[in-house]
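This report refers to the structure that appears directly beneath it.
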Amino acid sequence: MLSTYCDLLGFPKAATEQLTAVYRDLSARFDLPARFLAIRSLFLQAKGSEYLEMLQTLAEESGADRRTLDMLFLLWCAPALREAYEKRGISDTVFVDTLTDLRYKLLECYANYGVWGTFVTFWYRGFYRCERFALGRLQFERRHFKHPAYGHLLREGDAVLGCHIPSSGPLDPKAVINSLRQAYHFYQDVRRDGVLPVTCHSWLLYPPHRVLFGENTKAFYDLFDIVSQDASTDNADYWRIFNTPFSAQALAHAPEDTAMRRRFKQFLLAGNMMGSGYGLLLFDGERVLTRKE
């Protein structure tokens, strides 16, 4: 089962081999299905972090790397999630596209720590509770508007569609519009007067960052009306660019092998802080009404 899902999600061969070997070793020493089943029952609840404590306990008992163990747990839960999609009438294409986020996080974990696994297990609760879906290039979930008002269309707390940008490659403008079209039909209940309100909170929407981006990312930024922003004194998203947490020493030795890395390094060396923006776009099924020309 494990290798089947690794292959389905496009895991590198080296990752599949290591994950399979660790799973085999753990299965020989522990009643892994029983342990994972107990953890899953808490993982699928709306709140609480006890499942993380149980994963940590199992990691300490087994000697397995916690990040690898967490990935094994998520893969073990995949067949049940696939059944949940089928019961809801959601296509297997959406299932595979959605769960492929495991590969993106696997690669991020390896780039940051040299370990095949994941360090953001908390992020997956929304996926496994069937609350967050990948529709093409972007991921979406129902959210509530986090701003006092937006004209006469939205008030704070109104239903909107939140979008996320997985680290799966370039933000091709055509792929982004295709995702919005899919979301327009998938989330018909979120539309307001034929318009789909989509929000995004991301470092990609922080206004001072825009000049540092390439054309595709600038085009994505320009789809949104940025309604709020905040700087991050600890440069929390630094790792997304440089694959290591921020520190003055890390910045001094940060690589400059891409245009974005060069620009962000100079931006930070000049005393600027990274941040994030909260933006809203309005989509009528074909056009982004908030797009800046």
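Relative to the longest principal axis of the chain, what angle (0 to 90°, nearest 10) does the C-alpha long axis of helix 32-43 take?
The answer is roughly 30 degrees.
Using every alpha carbon pair in region 176-271, what percent of pairs falls into each 5 Å bin from 0 up to the bin containing the largest distance?
Per 5 Å bin, starting at zero, the Cα-Cα P(r) for region 176-271 comes out as 2, 11, 19, 19, 16, 11, 9, 6, 4, 1, 0 percent.
What trypsin sites (Lys or Arg not before Pro) in region 209-293 are in a loop by DSSP, with at most 15 other Cβ atoms within 10 Å of the Cβ?
Arg287, Arg291, Lys292
Given the chain, what percent of its DSSP beta bridges are antiparallel, to the nearest 5?
Expressed as a percentage, antiparallel bridges in the chain total about 95.
Hey, what do the phi angles of region 150-156 turn into as Karplus ³J(HN,Hα) couplings, whole Hz, using 6.51/-1.76/1.60 and θ = phi - 60°, x for Gly and Pro?
Result, ordered by residue: 9, x, 9, 7, 10, 10, 4 Hz.
With the cut-off at 1.5 for a/c, could you classify the chain from its C-alpha gyration tensor as rounded, prolate or oblate?
Oblate shape, in that a/c is at least 1.5 and b/c is the bigger or equal ratio.
If you take the Cα Rg of region 2-128 and divide it by 2.2 N^0.38 Å, with N the number of residues, what do you get?
Normalised Cα radius of gyration, region 2-128: 1.00.
Using only Cα atoms, locate the centre of region 77-116 and the centre of region 219-278, then give the distance between them in Å, rounded to an integer.
27 Å
Could you work out the helix-only [θ] at 222 nm for the chain, with each DSSP H run of four or more residues adding -39,500 (n - 2.57) and the total divided by the number of residues, to the nearest 500 deg cm²/dmol?
The helix contribution divided over the chain gives -13500 deg cm²/dmol.
Under a point-charge model restricted to the Cβ atoms of Lys and Arg (+1) and Asp and Glu (-1), what is the dipole moment magnitude of the chain relative to its Cα centre, in debye to the nearest 20?
The calculation lands at about 340 debye.
For region 140-193, what is the Kirkwood hydrodynamic radius in Å, using each pair of distinct C-alpha atoms?
12.6 Å
Please list, or write none, the lysines whose alpha carbon is within less than 23 Å of the alpha carbon of Lys265, excluding same-chain residues fewer than 8 places away.
Partners found: Lys218.
Under the rule of at least 5 residues apart or a separate chain, name every residue whose amide H is placed under 5 Å from the amide H of Tyr278.
Here the answer is Val227, Ser228, Gln229, since their amide H atoms fall under 5 Å of that of Tyr278.
With everything on Cα atoms, drop me the angle between helix 66-76 and the longest principal axis of the chain, reported from 0 to 90° to the nearest 10.
Tilt of helix 66-76: around 90 degrees.
Laboratory data are not the source of any read-out in this text; all were calculated from the coordinates shown. Quick caveat: nothing in here was measured; it's all calculated off a predicted structure. Neighbour counts run over all protein chains shown; Cβ positions are idealised from the backbone, glycine included.
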